[in-house]
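The structure under discussion appears below in the form of structure tokens.
The values are calculated or read from the model by the stated rules, or taken from the named source; none is laboratory data. As the structure is a computational prediction, the values presented were derived from the model and not from experiment. Every residue, glycine as well, gets a Cβ built from its backbone with ideal geometry; the counts of neighbours run over all protein chains shown.
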Amino acid sequence: MPKYDDLGSWKIFLSLAESRSFSVTAEAFGVEPSTISRTLGTLENSLGQKLIDRSARPLELTPKGLWAVKRIAPIIRSHEKLIDEMTEDSTGLEGQIRVSVAPGFATRYLVPMLARFSEHYPNITFEIQVGMGAADLKKQKTDVAIITGNPEDPKLVTLPRGRNIYLPLASPAYIKAHGMPLEPADLAHHTVFIYSGPVREQTRTLRKGTLEVSVPAGKTLLSPDILSIRQGLIDGLGVSLDMPLVQCWEAIRDGTLVPILPGWRRPQAECFVALSRSSWHIRRCRIFAEWFASELRKLFLSFEEAVEGIVPLEGPIGTKSSNSTG
């Protein structure tokens, strides 16, 4: 059979087109880079066309290669979906997946989710990582990661997992002792906890409708540990500008924490389960990413439902943010 009729060769070509690296593609397919190079050469010879310029670093597609990618990509995606749907059992599905999430989410939620997935796919193992981003996915430092905002990077596959809602909060005891901050300017007289970890940018401004103001300089405490900030709030040691709903919904429901700064907040953000194109071609990663995104959407929707009527949410429950980048 000519190589141009071999779907496996076209899968390798598509992976090369997306990763622009023989070594990255070789790792994704579990073979040596020399095998990837030979497969590409045989495919090109069977076509009588050069698809990739090997002399460029990173690799570059030739005009024919660019033309071929646009036409072969949807065919391969359809083939992968067909195989996934026809082989829904876990037979032969094994290996390790490196999954990265925010540290606080890893501590409170991730392990039970992975345990549920493992009930269906017992031969898949996991390495939990924290704080990885789009750059780490492209460098193959992790396989699947939750990222804030859609990078719209052609080298990544992104699946919506729901929105992050950030709330300004304090404990009733703190408010009784120090007063209720009503406007951002009031923060100059309060101890303010601000998250400074790796998964999103530090909050420097707050919005209310079309207004946007800078957070005033005052007594601030920066921390990369969202759970430490949460505990500091509960203990009545300060206020927070950007506590994610995922980490505070129970405290809001129970009245342990209450909203401050009426109408002011950090804008919500769409979040995604992301993986590199090379990892997407690995069936175990693809199946897990789709399952993970679906489960996360349900989980984050439940948080919004738990605080409905207690704190104002932007738009209907589960809606996308107007500030979304994807």
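Test GLY197 against the stated conditions and say whether it is within 23 Å of the chain's Cα centre (by Cα) and of a type in the set (Gly, Ala, Ser).
Here the answer is yes, as GLY197 does meet what is asked.
Being in contact with a helix residue (DSSP H, G or I) (Cβ under 9 Å, 6 or more places away or on another chain), without any contact (Cβ under 8 Å) to a residue 12 or more places away in the chain and closer than 26 Å to ALA134 by Cβ is true for just one of ALA26, ALA56. Which residue is that?
ALA26
Quick one: how many residues across region 131-174 are within 17 Å of ALA293 (Cα to Cα) and assigned to a strand (DSSP E or B)?
Summing the residues that are within 17 Å of ALA293 (Cα to Cα) and assigned to a strand (DSSP E or B) in region 131-174 gives 14.
If you take the residues in region 258-271 that are part of a loop (DSSP other than H, G, I, E, B) and aliphatic (A, V, I, L, M), which one is surrounded by the fewest Cβ atoms within 10 Å (Cβ to Cβ)?
LEU261
Could you tell me whether any residue of region 296-303 is over 18 Å from the mean Cα position of the chain (by Cα), assigned to a loop (DSSP other than H, G, I, E, B) and modelled with pLDDT of 90 or more?
So far as region 296-303 goes, no, none of its residues is over 18 Å from the mean Cα position of the chain (by Cα), assigned to a loop (DSSP other than H, G, I, E, B) and modelled with pLDDT of 90 or more.
Does region 175-187 contain at least one residue that is outside any loop (DSSP other than H, G, I, E, B), crowded, with 22+ Cβ neighbours inside 10 Å and among the small types (Gly, Ala, Ser)?
No, region 175-187 has no match at all.
If I ask for residues that are of a type in the set (Gly, Ala, Ser) and closer than 21 Å to LYS138 by Cα, which ones from region 5-33 would you list?
Within region 5-33, SER15, ALA17, SER19, SER21, SER23, ALA26, ALA28, GLY30 qualify.
Every residue in region 29-44 that is without any contact (Cβ under 8 Å) to a residue 60 or more places away in the chain and under 17 Å from ILE72 (Cβ atoms), please.
ILE36, THR39, LEU40, THR42, LEU43, GLU44, listed by residue number.
Checking ILE287 against (1) over 17 Å from PRO112 (Cβ atoms); (2) exposed (fewer than 15 other Cβ atoms within 10 Å of the Cβ), only one condition comes out false. Which one?
For ILE287, the exception is condition (2).
Within region 191-257, which strands (runs of 3 or more DSSP E) (wholly inside it) include 1 or more residues that are surrounded by 15 or more Cβ atoms within 10 Å (Cβ to Cβ) and touching a strand residue (DSSP E or B) at 6+ places or on another chain (Cβ under 8 Å)?
In region 191-257, the matching strands (runs of 3 or more DSSP E) lie at 191-195, 205-208, 219-223, 239-244.
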